[in-house]
Every structure is written in C-alpha cells, then in structure tokens.
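The values are calculated or read from the model by the stated rules, or taken from the named source; none is laboratory data. Quick caveat: nothing in here was measured; it's all calculated off a predicted structure. As a convention, Cβ positions derive from the backbone with ideal geometry for all residues, glycine included, and neighbour counts pool all protein chains shown.
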Amino acid sequence: MRCMKGRFLLPLSLVIVLLSCSQPTTSQKPIDNGPSALKNRVPTADPSKYRSVRDARDWQNPYFVVYANGIDARPISAATEAARMSPAEVVGYLEKLPSIAWPYGLVVAVQEGGLRAPGDNVQIRKNAEDLKRLLAKTGVKVESWPSA
C-alpha cells in the first residue's frame, strides 16, 4: 500500500510543479508596471501652479531639450542627472524620478535645441514628435517652450 502512494505522489507533485510554472492565461493578467504607473503615482497637471512661469530657470518639473542626437533632461538634482537619451528612454527616466520632482503635477517642459548643425532640423523635429507622442501615450502633458 505504501508503495502505491509513492507512485501517485510523484506524478501529482510533478503536475503541480509544472502548472505553477506555466505562463499566465487570459484570466491571469501580469502586473502592469508600464505607463500607467506614472499616472497612478503623480497627480494630473495643475496649470494654475505653473501658468505664471515665464523663465525656464523657474520651471520646477522635468524639463527636456531635444537635439538631433537625443534628448537631455535638465537635472533636478545630482541624483537625477541623466546622459543623453532617446525618446523611448525618457519615460523610464521619468518613472524613476521621486514625487518631489512633480510640484506642478504630471507635466513636463520640452524645448528644441537652438544651436543646430546643417541638416539637424529634420532629426530634431522627429525626436520632438516621437517624445511628445510617447509622453501623451503615458498621460504626461507637454508644455512646449521656444528654442533658445
């Protein structure tokens, strides 16, 4: 009798292990740490808090400058300094920022770089459009600032 229990326990254990390692089905949804994570953590943009800002030096939320070879984020502190990024990397950068980086709510400033080499215009505009599209997709409002 003891030997029969062993024959059933081993296959049963194997089935349980295999089922626990299976991929999620349509009824099981994986945790989404994507774009909505930022919207869940940061309040919506409040224009009354930044409407009077006229100088980029006074802007307190994230601020991006778009160049032909990528996007620079103006650092809020030494801890938030980032290397030049592609438009796709900006959302990940924003998700890592602390809540204190968002005093105006979920809004960023975007400016195209003013100093350009011949032929940069097309790539700068493409990077700016890609960035704005990705930010809109994640629920981040964009305030466009004029080039310097």
Notebook entry, point to check: Can you tell which of A83, A88, A73, A37 is within 20 Å of G113 (Cβ to Cβ), of a type in the set (A, V, I, L, M), surrounded by 13 or more Cβ atoms within 10 Å (Cβ to Cβ) and at pLDDT below 95?
Noted result: A73
Check: Would you call Y104 closer than 18 Å to K39 by Cβ, among the hydroxyl-bearing types (S, T, Y) and surrounded by 15 or more Cβ atoms within 10 Å (Cβ to Cβ)?
Finding: yes
Notebook entry, point to check: Any idea which residue in segment 113-140 is farthest from K39 (Cα to Cα), counting only those that are outside any helix (DSSP H, G or I) and in contact with a helix residue (DSSP H, G or I) (Cβ under 8 Å, 6 or more places away or on another chain)?
Noted result: R116
Checklist line | Residues of segment 94-112 satisfying the condition of being farther than 22 Å from A68 by Cα and assigned to a strand (DSSP E or B) | finding: V107
Item checked: Of all residues in segment 82-93 being among the aliphatic types (A, V, I, L, M) and in a loop (DSSP other than H, G, I, E, B), the one that is nearest to D46 (Cα to Cα) -> A82
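Quick check on segment 130-137. Is at least one of its residues closer than 25 Å to R54 by Cα and either surrounded by fewer than 17 Cβ atoms within 10 Å (Cβ to Cβ) or of a type in the set (S, T, Y) (or both)?
Yes: one or more hits.
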Next item on the list: Find the residue count for segment 117-135, including only residues that are within 23 Å of R41 (Cα to Cα) and at pLDDT below 95.
Entry: 0
Item checked: Subset of segment 92-116 [at pLDDT 95 or above, over 16 Å from D72 (Cβ atoms) and among the β-branched types (V, I, T)] -> V107
